[in-house]
Amino acid sequence: LSQDQGRRFSLGGRLIQLGRNVVDRLELRSVARLPLEKLVADTHDAALLVVADRGELLYLDSVLSDARNVRTDPRMRAGAPLHCSSLGKALLAALDDGSVGELLEARSLAGVSEFSITDLDSLLADLALTRERGYSIDRQEAVLGVWCVGAPVRDHEGFSVAAISVSTIRDFFDPGMTGPLVAAAAIEISRAMGWEGDQSDLYRPVAGSELLLRGDARLSPPPTGV
């Protein structure tokens, strides 16, 4: 709310930003649906789309496969931390190490499962491998019995605004095959969102991305006429 000199209240610019955030997420879900469906058809694994929300993960969409007798439900409990999944690690890998450290310094690196990474040095080493190979890996770090690969999604400004993943069980886990497919799908979705980069830019740090993961709003000037 804003208040004028007559002590009257009116709706403020923050409401405009909140409305834009909702529209952006609806657009993201819409443009990601077909690439996710193709990803599931190619891998026979379950696919997820998430955004960061106050330092945690908010699930926007999922696509499950009926091609196998075994199906996984890879959704984590509410409030799952970023460092315990391929999705969160994909978003963290799109930051520089200094920003990762600052983002996580006020948070406990507590494990969700016995396989979770719980110290910063090990996490940074894992993120370096993610950038090198082009996709993140979760080996039962979020849910016991579930193995995943993930990649970040960029918007038209280059911000890492979302992440996608595919999840399966150990018997079918083949990151060398599924990882590049996930990275390619993330690039396809990013370009549909207006991004002009390629594989070499997918993990390039963009100043301000850490604010999105932390939950700080990026206020933009209102459209002309508002």
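The values are calculated or read from the model by the stated rules, or taken from the named source; none is laboratory data. For clarity, every value in this text was computed on a predicted model and none was experimentally measured. Here the Cβ positions follow ideal geometry from the backbone for every residue, glycine too, while neighbour counts run over all protein chains shown. In case anyone asks, the SASA skips ligands and DNA or RNA and just uses the protein heavy atoms, side chains included. Shrake-Rupley method; radii C 1.70, N 1.55, O 1.52, S 1.80 Å.
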Which residue out of Leu104, Leu123, Leu109, Leu92 is of a type in the set (A, V, I, L, M, F, W, C), buried (at least 24 other Cβ atoms within 10 Å of the Cβ) and in contact with a His (Cβ under 8 Å, 6 or more places away or on another chain)? Leu92
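Counting only residues that are of a type in the set (A, V, I, L, M) and out of contact with any helix residue (DSSP H, G or I) (no Cβ under 9 Å at 6 or more places or on another chain), which one in the range 35-55 is nearest to Arg214 (Cα to Cα)?
Going through the qualifying residues, I end up with Val40.
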Note on the range 150-192: residues in contact (Cβ under 8 Å) with a residue 24 or more places away in the chain, open to solvent by 30 Å² or more (accessible area, probe 1.4 Å) and of a type in the set (A, V, I, L, M, F, W, C) are Val161, Ile169, Phe172, Phe173, Met177, Leu181, Ala192
Restrict the check to the range 127-149 and report whether at least one residue is closer than 19 Å to Asp53 by Cα and either outside any helix (DSSP H, G or I) or open to solvent by less than 70 Å² (accessible area, probe 1.4 Å) (or both). yes
Given (1) on the phi > 0 side of the Ramachandran plot; (2) in contact with a His (Cβ under 8 Å, 6 or more places away or on another chain), index of the condition Gly158 fails: (2)
Would you confirm, using the coordinates I've provided, whether Pro205 is surrounded by fewer than 21 Cβ atoms within 10 Å (Cβ to Cβ), at pLDDT 90 or above and not hydroxyl-bearing (Ser, Thr, Tyr)? yes
